[in-house]
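Quick notes on the structure that follows.
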Amino acid sequence: MTALAGAARALIIAGSCCLVTVIARQVTGHGISALWETYPSLLPAAALLAVTGAGLARGTWSAARALGQTTAFHRGARARRVPVPARLARAAARAGIPARRLAAVTASAPFALTYGLFRPRILASTALAADLDGAELAAVLAHEREHVRRRDPLKDLIARILPARFFYLPWLAHLQARYAAGRELAADRAALARHPRAALAGALLKVSAPPGWAAAPAAAMSTAALLDARITQLETGTEPPLPRARPAAAAASAAATALTAAAAGWSALVIAHYMPLCAAMLT
């Protein structure tokens, strides 16, 4: 499967280089009108390259911004780190969380979050250990343990980059929001499987959103709509239906997908037509 993916990637890169070469040669020799006056027309291929390039630029910028926020978070966490309170350490051990996966920071607000792209860890405030009772603390740690197990920080980064990379598919932004909500609900269900409903409900009432310096990697738990969904799940015991995408966003995404597929197919025709020229220039 890896070899097949590598071959497909190499084919796409080679085809893109061929398109760029052909378009540059035709425009240089015959002017911009060559994009639509030649046969097969180069306009769909040029549009596909432009949209792909814009998407790559936006995706790269989104990734760089997210990584910058993550770096700033790590600096803030290191500056505020304190020894893990004994009560928190004991609760984490009972929850099956290794000591290396737990860190504490001094803060007056009770919060916990999962961070770390490749080695996820739980960060908890000293107020969390002080303000929650034993059952509530155990429920919060079980919730965060599920984020660690599922490696949610890395998945969240990818989920944030994809809508920027494929900006012409507005439905992806809706899917990203659904994913963020779904992972919180899934972590709640994991906590409910091991702890009383009242404990998790009490923790929801007491736990605060992280402070500004810790907002970037924090789980999406602060929106009113998501909080309502989490409470509904606690009350009913089943996952509540999440909001559906607006019909306009779904229709626009479907149209963009169809246009992209058509442009890709036409580009393959262009590549086949100019393959002798591309092969001669590459050899």
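A few remarks follow.
- Here the Kirkwood formula, the inverse mean of 1/r across different C-alpha pairs, assigns the stretch 64-255 a hydrodynamic radius of 17.3 Å.
- In terms of other Cβ atoms within 10 Å, Cys278, Cys17 run from fewest to most in the order Cys17, Cys278.
- Packing-based exposure ordering (other Cβ within 10 Å, fewest first) of Arg94, Arg9, Arg230: Arg9, Arg94, Arg230
- For the listed peptides 147-160, 80-93, a ranking on the average number of other beta carbons within 10 Å per residue, highest first, reads 147-160, 80-93.
- For the stretch 64-255, the residue among Phe73, Thr236, Ala252 whose Cα projects farthest onto the positive side of the dipole built from Cβ charges is Phe73.
- A Förster distance of 30 Å, applied to the separation of the beta-carbon atoms of Arg75 and Leu227, puts the FRET efficiency at 0.55.
- Per-peptide average of other Cβ atoms within 10 Å, ordering 234-246, 195-207, 258-270 highest first: 195-207, 258-270, 234-246
- Over the stretch 148-283, the Kirkwood radius and the radius of gyration, each from Cα atoms, give a ratio Rg/Rh of 1.19.
- Under the span-like rule (Cα at least 30 Å along the axis, Kyte-Doolittle mean at least -1.0), DSSP H helices of the chain: 2-30, 43-80, 171-192, 247-282
- Alpha-carbon centroid distance for the pair the stretch 66-120 / the stretch 1-63, whole angstrom: 45
- Cysteines in the chain lacking a second Cys C-beta under 4.7 Å: Cys17
- Förster radius 22 Å - calculated FRET efficiency between Leu175 and Ala10, Cβ distance, rounded to 0.05: 0.15
Coordinate-derived values only; no laboratory data. As the structure is a prediction and not an experimental result, all values here were calculated from the model. A quick note on method: Cβ atoms are made from the backbone with ideal geometry, for glycine too, and the neighbour counts reach across all protein chains shown.
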